[in-house]
Amino acid sequence: MASLLQPDRVVYLVRGEKRIRAPLSQLYFCRYCSELRSLECVSHEVDSHYCPSCLENMPSAEAKLKKNRCANCFDCPCCMHTLSTRATNIPAPLPDDPTKTAMKKAYYLACGFCRWTSRDVGMADKSVASGGWQEPENPHTQRINKLVEYYQQLAHREKQERDRKKLARRRQCMPLAFSQHTIHVVEKYGLGTRLQRQRSGAPISSLAGLSLKEGEDQKEITIEPAQALEEVEPLPEDCYTRPISLPEVTTLRQRLLQPDFQPAGASQLHPRHKHLLMKRSLRCRKCEHNLSKPEFNPTSIKFKIQLVAESQVLLTLTNPVENITHVSLAACEEDDPDDINSTAKVIVPSKELVLAGKDAAAEYDELAEPQDFQDDPDVVAFRKSNKIGFFIKVIPQKEEDADVTVSFKIRHDFRNLAAPVRPSEEGADNPTEAIWLTHHVELRLGPLAP
Amino acid sequence: TTMADKQNAQKSVKIAAGAVVCVESEIRGDVTIGPRTVVHPKARIIAEAGPIVIGEGNLIEEQALIINGYPENITPDSEVEPKTMTIGINNVFEVGCVSQALKIGDNNVIESKADVGRNVILTSGCIIGAFCQVNTCEVIPENTVIYGSGCMRRVQTERPQPQTLQLDFLMKILPNYHHLKKTVKAASKPVFN
């Protein structure tokens, strides 16, 4: 199956905002617009946050507070693997009687991959298994918070002035509609994180709660500008002559994973809390329907809604839907603007091919009647349940072609089962209307034999 | 015949009392195994180009290969001085690893599917991570950990603990399920005619 091991062999053209060629396994099919969609023509929305190691769900507000990090799990600062808690027994004096010693459990963090332990950086063993480990404090936190407050206030003041100016110009409109109109303008300095809608003017009433309340008295926050120092600490004298001990120097990656401290020495590499991952849902930009919506539970990999192209659109030679499908192929015309990658001419069968529907029970049904399609042996090589193999003739155009590519159009009928079925009076079968879809397909056939 | 007998006696496998060596393991050539060492079934210890001396308390797991073989550019026919491969105490050779290092110290761990070349000398406390291939010409300093696909290195502060618990458990359980090779006293008596 080309789709599993060599997905790039067969690509389909998606006519979205950008023209993207991608294999069917990476595409979605919007059945309300009846069009293929790729990852670039859908909008991505955050569904839920979860920790990849303890699989704990976290609501978005809490995630924002904790800077998208898990409370329980740690990452090894050396190799970024997940740290595990290990216990040892150490003799410790009893609190009542200092002369006697009893075995007490002490916990430390250790990495199973690179054998880093929390004792390497001098972190003392804790007496509780979880919750005892603290991340080191950033010495600049206070200054940063003050700066953020000042700029938030500044942004709010600018927005108010903008509102006031617009209100002065057009007096007819309601003031309420106005502040909502300006909200869609990108908020400076991130007063509140919110998805930016594609359409402007959509009322986002909940955003109003995030900015400073109107009546609150706005105290003036002043900040001191940063002071530039003239004298910089000189480099140590043996900077050029001291031999480097490589195990003690951190790599760039280890250093930059902790942008607050960026320690140069391995003995200052403290473990950080693990980053959360998120589940995303995809939405078609034209019709605003959901294309893919995962389950809320982090342990579940299933989807509530999953409209992937493979289950809706014709695969090469395989019919994924349950009704009989008619396929006709057409070679691309001379001046086809989509035909940019093909390096060979192709002659496709001119007759229409008929594919039987997918029938999951057919495998087990021994008494099933053989399918009665009259196949032209020049066109059809084999037929098996809902698959068909057919011949195409390829005429390579170049002498030594490393990757022969052909493109053609495939046109098939599609029944939209999602559309509401109008009830008919006699109760007879009301077949849904078929629409014809055309896809531009490119096949990479590989190198020419010498 | 004395010389021939002596040579044959030297080429045999000498397993000290207290070692647990399963019958399904393949041991060829002049190999000496110390007490409290456990050799799992399907492990292979092959002394082709010289004898192998394994110390106490080692753990050699399934499909591990310890081979004292001829270097690649030397044919077996030409006269080469046989070098002895020495392995110290409390080492662990995990499943599927290949070790050709001529000198291994104590408390080292060679993790699964690792490959250690002939010119590497492991001191003590070294850990060669899973699937790491080390075939440089060097002495690995003490307490070095080699890990990752790029064979990154770092030095750990504590050496790996000897697997005493695991060894005790195996020495109790393995004889229940496998036949063991016969143990011989380590000091071989000279053969008199």
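Can you tell me which condition A:ALA110 does not meet? The list is (1) over 27 Å from A:SER48 (Cβ atoms); (2) in a loop (DSSP other than H, G, I, E, B); (3) within 14 Å of chain B (Cβ to nearest Cβ); (4) of a type outside the set (Phe, Trp, Tyr), and all the others hold.
(2)
Out of B:ASN119, B:ASN176, B:ASN107, I need the residue that is within 14 Å of chain A (Cβ to nearest Cβ) and of a type in the set (S, T, N, Q). Which one?
Answer to the selection: B:ASN107.
Sort out which residues of the range A:99-119 are on the phi < 0 side of the Ramachandran plot and either under 36 Å from the mean Cα position of the chain (by Cα) or among the acidic types (Asp, Glu) (or both), and write them in order of number.
Result: A:TYR108, A:LEU109, A:ALA110, A:CYS111, A:GLY112, A:PHE113, A:CYS114, A:TRP116, A:THR117, A:SER118.
Determine which member of the set B:THR136, B:THR183, B:THR86 is assigned to a strand (DSSP E or B), among the β-branched types (Val, Ile, Thr), out of contact with any Phe, Trp or Tyr (no Cβ under 9 Å at 6 or more places or on another chain) and away from chain A (no Cβ under 14 Å).
Only one candidate passes the filter, namely B:THR86.
Looking at the range A:53-86 only, could you name the residues that are within 14 Å of chain B (Cβ to nearest Cβ) and part of a strand (DSSP E or B)?
Step one: filter the range A:53-86 for residues within 14 Å of chain B (Cβ to nearest Cβ), giving A:76-81, A:86.
Hit for the range A:53-86 is A:ARG86, nothing else.
Would you point out the residue of the range B:139-163, among those that are within 21 Å of A:THR251 (Cβ to Cβ) and more than 10 Å from chain A (Cβ to nearest Cβ), that is surrounded by the most Cβ atoms within 10 Å (Cβ to Cβ)?
Once the filter is applied, the top-ranked residue is B:ILE140.
Sort out which residues of the range A:78-125 are surrounded by 12 or more Cβ atoms within 10 Å (Cβ to Cβ), of a type in the set (D, E, K, R) and either in contact with a Pro (Cβ under 9 Å, 6 or more places away or on another chain) or within 28 Å of B:GLY129 (Cα to Cα) (or both), and write them in order of number.
Result: A:ARG86, A:LYS104, A:ARG115, A:ARG119, A:ASP120, A:ASP125.
So, B:GLU94, is that one among the acidic types (Asp, Glu) and under 20 Å from B:PHE169 (Cβ atoms) or not?
Yes: the conditions hold for B:GLU94.
Is it the case that some residue within the range B:183-192 is crowded, with 18+ Cβ neighbours inside 10 Å and either in contact (Cβ under 8 Å) with a residue 12 or more places away in the chain or closer than 30 Å to A:ARG119 by Cβ (or both)?
So in the range B:183-192, the residues crowded, with 18+ Cβ neighbours inside 10 Å come out as none.
Checking the range B:183-192: not a single residue is crowded, with 18+ Cβ neighbours inside 10 Å and either in contact (Cβ under 8 Å) with a residue 12 or more places away in the chain or closer than 30 Å to A:ARG119 by Cβ (or both).
Those residues that are out of contact with any Ser or Thr (no Cβ under 7 Å at 6 or more places or on another chain), within 30 Å of A:HIS289 (Cβ to Cβ) and among the aliphatic types (A, V, I, L, M), I need them from the range A:47-93; list them, please.
Hits for the range A:47-93 are A:MET58, A:ALA61, A:ALA63.
In the list B:VAL92, B:VAL39, which residue meets the criterion of being among the β-branched types (Val, Ile, Thr), crowded, with 18+ Cβ neighbours inside 10 Å and touching a residue at least 40 places away in the same chain (Cβ under 8 Å)?
Being among the β-branched types (Val, Ile, Thr), crowded, with 18+ Cβ neighbours inside 10 Å and touching a residue at least 40 places away in the same chain (Cβ under 8 Å) holds for just one of B:VAL92, B:VAL39, which is B:VAL92.
Looking at B:ILE127, B:ILE104, B:ILE121 in this structure, which one is more than 23 Å from A:CYS111 (Cβ to Cβ) and surrounded by 18 or more Cβ atoms within 10 Å (Cβ to Cβ)?
When all the criteria are applied, what remains is B:ILE104.
Condition (residue is basic (Lys, Arg) and either in a helix (DSSP H, G or I) or within 14 Å of chain B (Cβ to nearest Cβ) (or both)) applied to the range A:121-135: is it met by at least one residue?
There is no residue in the range A:121-135 that is basic (Lys, Arg) and either in a helix (DSSP H, G or I) or within 14 Å of chain B (Cβ to nearest Cβ) (or both).
Scan the range A:255-282 for residues that are within 14 Å of chain B (Cβ to nearest Cβ) and out of contact with any strand residue (DSSP E or B) (no Cβ under 8 Å at 6 or more places or on another chain) and jot them down.
A:SER267, A:LEU269, listed by residue number.
Only the coordinates and a few stated rules stand behind these numbers; no lab work does. As the structure is a prediction and not an experimental result, all values here were calculated from the model. Reconstructed Cβ throughout: ideal geometry from the backbone, glycine too, with neighbour counts over all protein chains shown.
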